[in-house]
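Notes to accompany the following structure.
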Amino acid sequence: MTSPLKGVLTVEKKLGEIWIQIPCIDQLGSCTYEDLCSILDDIIPPGQLCPEPLVTYGIPCHCPFKAGSYSLPSSDFALPDIELPSWLTNGNYRIRGVVSYGGKELSCVRLELSIHSD
């Protein structure tokens, strides 16, 4: 998979017993991204190693992505010190991401995660 890869994210946060879709605000939440490769390069500059545990499980973090199936067991990540809006911190989330190229769906990712700030 090569640039430009379009990504459509649906992000939901659990409030009580229900899941609420988070709208796209300032490019955070349920958004459409026209070029995921350039966003990944901004987050992890080319030439920089992918963070653990991606390296351990052979999961790439830069384009182009080789065709295949990638699996990541339940893992903890230390995120860089980034400023998130208060409504997006501390909670349980579900994320569905669809990646496409030229209008053709190439992959689908489903994640469940919890975010806790210090």
Taking region 1-64, which chymotrypsin sites (Phe, Trp or Tyr not before Pro) meet the DSSP loop condition and have no more than 14 other C-beta atoms within 10 Å?
57
Could you pull out every Cys in the chain that lacks a partner Cys with its beta carbon under 4.7 Å away?
108
Solvent exposure, largest accessible area first (probe 1.4 Å, DNA, RNA and ligands not counted), of 52, 112:
112, 52
Listed residues 104, 13 arranged by accessible area, highest first, probe 1.4 Å
104, 13
Which values of log₁₀ I(q)/I(0), to two decimal places, follow from the Debye formula for the chain at q = 0.23 Å⁻¹ with a uniform point scatterer at every Cα?
-1.70
When we measure straight from the Cα of residue 6, which lysines land under 25 angstrom away, once same-chain ones fewer than 8 places off are left out?
66, 104
Quick check on region 1-58: what does the Kirkwood estimate of hydrodynamic radius come out to from the alpha carbon pairs, in Å?
13.6
What are the aspartates and glutamates whose alpha-carbon lies under 12 Å from the alpha-carbon of residue 13, with same-chain residues fewer than 8 places away excluded?
112
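The values are calculated or read from the model by the stated rules, or taken from the named source; none is laboratory data. Since we're looking at a predicted model, the values are computed, not measured. Cβ coordinates were reconstructed from backbone atoms using ideal geometry, including for glycine residues, and neighbour counts include every protein chain displayed. For the accessible areas, the whole protein counts, side chains as well, though only heavy atoms, and no ligand, DNA or RNA atoms are used. Shrake-Rupley method; radii C 1.70, N 1.55, O 1.52, S 1.80 Å.
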